[in-house]
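Just so it is clear, none of the values below were taken in a lab; they were calculated from the coordinates. It should be emphasised that the depicted structure is a prediction, and the values quoted were computed from it without experimental measurement.
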Amino acid sequence: MTQEWADADIHHIQVLIDAADGWTQANVTDLPRLSKSEVVSLQVRLDGLMKELGTAITSSVRRKLQQKLSHLEPLRKSSLTKVSLKRNLGKNGKETQMAMKNLRRFLEAWKVKNHWAGTRPSSKEDETHWSTYQACVKRHGGVFKRRARRTQPKAEIHWLGDVDLSFWRGHKDKWRTGFTQKFSTIKKTIHSSGLVAFKKWVESLHDDEGMPESFRELMKANTYKLDHLFDKYMTDVGEQINLFEKDARKERGIVQRYFSSGMRPGFEAAARIRGKQIKERQSQVVQKHVEADGVQMFRNARNALETQLAKLHRGTSKEVGQLWMAPKKGCGGRIRAEMLRVLKRSSISFLMPSAGTMMTDDAKAQIRTIVIRWRTTWHAVHVRLPRFVPVEEDIDSNAEEVDSENEEGDMSTEVQVKREPDEVGSY
């Protein structure tokens, strides 16, 4: 996580440095000049190229992320798509059966003083006193704190906590697989897919013979700025993926309210019992309620958590989309603006800034010194860093969703030198 924060800061700095460098060169006049008709033609061509890039990034980043997140299967073999959730709403599965099996064990364990014997210093054979059992029933399974008495240590009894534990013992394998094994590869897969798409687009930009060679050469010289913008975009996408994981883990607590409401009728019915053998009769009522409604209770909790995860999934997809498409702050708009800036400076009709808006020579010199100092330092460090090398994948925006386990490409890292401008902005 610390490395990701450092990468995010560096990418942001790179974008700011590039912008500052652009300001110092705003009035450079010794560039190849394009006629008005060439500029108009290039504007149309650049619009087409940006549409192509937008389509490629949508397919390789946003849609692939949708696909990966929807196939996490965090609680059972069911994706987080609306169709799948609706189709499997009333199904139980082995996870629910395992949860019920664990809850039945706890029902028997509640009858003894310490069903955690083996991990806590107390006898497992001592029966729970009827008054203690009744106190837990009256609290509807909530926390009951028993004070220490003579040789008896203080204790805390929480039946609803045992119900929650029963649920997660039944679903832990799927959750662990979804949020540990599968989730750990998602960012690498999305990063790889996005970089491959962007690399192909940049190559098509450089090789586009429909554009004047002078403009293509100028764009090649400024490609590192587009790289920096895209690197920051991919870092922001990674932050959204991290946020999804963090929020998903927080949502685990949503199931507890269903256990509280689901067990309450059984506890209320047991609390109305009076007379002899009260503990045995109360435990029978609670057990009967669990057998009648326990499966539905676990199912409702699971469905609610899946629905919330699906909502987070859609929200993440929307936020990732805005990272590219937002009018002013989106990466797509910033890349387009940088290309138009280069095009504008190449135009014969390009107007020099007025005296009132021109930067003073002293200001330009100070900024240029900072830029050179940064690039000199960063270039010396950058060429020595191990670089993530993406593996090319087939990018198909119309591809059907498939199981994410069959989509994971091999990821590798090796030390490579990435083309970066030196202290004077050249390669």
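At-a-glance table
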| item | result |
| --- | --- |
| Distance violations [Cα-Cα > 20 Å] among K86/K188; K138/K276; K225/K328; K94/K188; K232/K328; K94/K311 | K86/K188; K94/K188; K94/K311 |
| Kirkwood-type radius of region 215-320, with distances r between different C-alpha atoms, in Å | 18.2 |
